[in-house]
Amino acid sequence: MSKPIKHRPANGPTSGVYKGDALKDLAESLNITISDTVASALASDVEYRIHQVVEEAARFMRHGRRTTMTASDIDNALRVLNIEPLYGHTPYNPATFRRALPFAQSTSAGPVYFVEDEEIDFDRVLREEKITLPKGVSWTAHWLAVEGVQPLIEQNPPAIPREAPLDPSAVAPDGTLASVIKTEPGVPQMNGVSLPNAASANSKLTQQQKQQLVKQVLSKELQLYYARLTEALLPPTLDTMKRTAALASLRTDAGLQALLPYLIRWVAEGVVGALKDGRQSENDGRVLEVLMDVVTALLENRTLFVEPYLHQILPPVLSTLLHSTLPPSHATQLRTAASQTLSRLLTQHSTTYPSLSPRIMKTLLLALISPGKSKGSREGAIRGLVGVGKEAVRKGLVEGGGAKVVASECQGSASRESNALLNATFEALQVLRPAASDMTDALDGENPADAAVIRKLVDQVGELFASRIAADSAWAREIVGIGPTDDS
């Protein structure tokens, strides 16, 4: 607590150690003229203040159990008396005062004390080693974590190595199986052959592999959520309330990024389990419907970053779309749902990955045109082309000859698969149909221009589809690429 400054008694001494002449000299340096009476009164007051500060400083000296008063004692005394401290005087670098004798002309002035300035020798300074200044404070940014995985950079702490050995039958989150080859300790091997001269290279490789291991532990809440979610979705039951709630949670909830690789692996395993047998039951069809709904829900969740897992999402979707034998009562619905999922996936990520659409189109064209493919696979390929877009349908069915392949294969067949394939092809060709007009004219075979359109239409899509498309001249010209004003 600061102490108030004491006021000097009015009947104090008029002169003392601090003379009035010093105040008169100070006033003259400031162009101020004061009388001897005022100077004597001010000198007496200054002396009183100095005694007060020294008295407070002496208390700090005694509390510090010292016999020498330091500059810090004076600073503390000034602080207690609510006076601004004196700057430039510290106890760690005390100033050295020198005494100068008084001038011979004025011996009554007494000795003068001053701080001696240090003399600097320039030759010595130039010979000394130059001290380089350190770099200033700067800021750099680095990735602390990317999608829950800590990058192995020098700014981040090292990754925790795995203590348990890998299980050959264990499935990693990315869907790959771990493989372990038993080798003798200290002897590296390649393809089962020992390489005794590669010990140093093997040790470096082992060290790099240990550094690349990143341990990701799911919280108990996410583990419980995963267990409850999978139980609510599969096996499918008549109670749809839990399934609807689970799909809604996948579609809207945030904070599921850590579970995304496990959910995708669960979908892939479910699709493989439902399609591994040659004949699928009705229960397998319902399982596949639920799994396609799960994939759609994951793609609709805006808080999930699914781009790193596209290569794991596409296989189950394409397997469902192009599988040869699906349950008859679920085949059309499953292929339609898979094509819609494929369309959504391409709409969201084809701009980021320009090669995604051509690669999928190549897969679909091979399933559509290659000989020996089943009708179910061709139907799935056609529905997939519809999901890719209008140009994909044109390249696959018209320019690639897919419609002719379907027409020749289904000619004279009345089976359920043939009818489904023909319907799917006709629905895909509807994508190329121009906007509906009030009047649609059929092609006239006696008109030379229309006859040329019919011949080209039969050559591109086959006679089976050409006979139905010829009823709409605008549709036929759009398919063959002939404008309504062209003569041939």
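The values are calculated or read from the model by the stated rules, or taken from the named source; none is laboratory data. Computed from a predicted structure; not experimentally measured. Cβ: placed from backbone, ideal geometry, glycine included. Neighbour counts: every protein chain shown. Please note that ligands, DNA and RNA were not included when accessible areas were found on the heavy atoms of the full protein model with its side chains. Shrake-Rupley method; radii C 1.70, N 1.55, O 1.52, S 1.80 Å.
Some observations on this one:
- Filter result (outside any helix (DSSP H, G or I) and either open to solvent by less than 50 Å² (accessible area, probe 1.4 Å) or not small (Gly, Ala, Ser) (or both)) within the stretch 22-76: LEU30, ASN31, ILE32, THR33, ILE34, GLY64, ARG65, ARG66, THR67, THR68, MET69, THR70
- Look at (1) open to solvent by less than 70 Å² (accessible area, probe 1.4 Å); (2) out of contact with any Phe, Trp or Tyr (no Cβ under 8 Å at 6 or more places or on another chain); (3) over 23 Å from SER374 (Cβ atoms) and you find that PRO434 fails only one, number (2).
- Test set (1) touching a His at 6+ places or on another chain (Cβ under 7 Å); (2) closer than 25 Å to ARG477 by Cα - LEU356 fails condition number: (2)
- From the list GLU282, GLU379, the lone residue that is among the acidic types (Asp, Glu) and over 23 Å from ALA232 (Cα atoms) is GLU379.
- Test: residue in the stretch 391-404 that is in contact with a helix residue (DSSP H, G or I) (Cβ under 6 Å, 6 or more places away or on another chain), over 26 Å from ARG359 (Cα atoms) and of a type in the set (A, V, I, L, M): no
- Looking only at residues in the stretch 397-409 that are over 21 Å from VAL453 (Cβ atoms) and not aliphatic (A, V, I, L, M), the one that is surrounded by the most Cβ atoms within 10 Å (Cβ to Cβ) is GLU409.
- Here SER377 clears all of (1) in contact with a Lys or Arg (Cβ under 6 Å, 6 or more places away or on another chain); (2) crowded, with 18+ Cβ neighbours inside 10 Å except the condition numbered (1).
- For first residues located in the stretch 256-277 and more than 14 Å from LEU298 (Cβ to Cβ), partners that are part of a helix (DSSP H, G or I) and among the charged types (D, E, K, R) and lie 6+ apart or on another chain with Cβ distances below 9 Å form the pairs GLY273/ASP284; ALA274/ASP284; LEU275/ASP284; ASP277/ASP284.
- Taking each residue of the stretch 472-488 that is within 13 Å of ARG455 (Cβ to Cβ) and in a loop (DSSP other than H, G, I, E, B) and looking for partners that are open to solvent by 70 Å² or more (accessible area, probe 1.4 Å) and at pLDDT below 80 with beta-carbon atoms closer than 9 Å, six or more apart or interchain, yields ILE482/SER488.
- Residues that are polar (S, T, N, Q) and open to solvent by 40 Å² or more (accessible area, probe 1.4 Å), drawn from the stretch 280-304: SER281, ASN283, THR303
- Residue within the stretch 461-468 that is in a loop (DSSP other than H, G, I, E, B) and open to solvent by 40 Å² or more (accessible area, probe 1.4 Å) present: no
- When each of ALA414, ALA442 is tested for being at pLDDT below 85 and either at positive phi or open to solvent by 80 Å² or more (accessible area, probe 1.4 Å) (or both), the lone residue that passes is ALA414.
- Number of positions in the stretch 226-257 that are aliphatic (A, V, I, L, M), open to solvent by less than 40 Å² (accessible area, probe 1.4 Å) and in a loop (DSSP other than H, G, I, E, B): 2
- For the stretch 235-253, the set of residues classified as modelled with pLDDT under 90 and either under 16 Å from THR296 (Cα atoms) or hydroxyl-bearing (Ser, Thr, Tyr) (or both) consists of THR237, THR240, listed by residue number.
- Taking the criterion of being open to solvent by less than 50 Å² (accessible area, probe 1.4 Å) and of a type in the set (D, E, K, R), the residues of the stretch 305-357 that qualify are GLU307, ARG335.
- The set of residues in the stretch 150-179 that are at pLDDT 80 or above and among the hydrophobic types (A, V, I, L, M, F, W, C) comprises LEU152, ILE153.
- Residue within the stretch 258-277 that is outside any helix (DSSP H, G or I) and either surrounded by fewer than 18 Cβ atoms within 10 Å (Cβ to Cβ) or over 33 Å from the mean Cα position of the chain (by Cα) (or both) present: yes
One line per residue, one yes/no per condition, for (1) at pLDDT below 90; (2) farther than 26 Å from VAL458 by Cβ; (3) β-branched (Val, Ile, Thr):
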residue	(1), (2), (3)
GLN333	no, yes, no
GLN340	no, yes, no
SER343	no, yes, no
SER350	yes, yes, no
ARG359	no, yes, no
ALA381	no, no, no
VAL393	no, no, yes
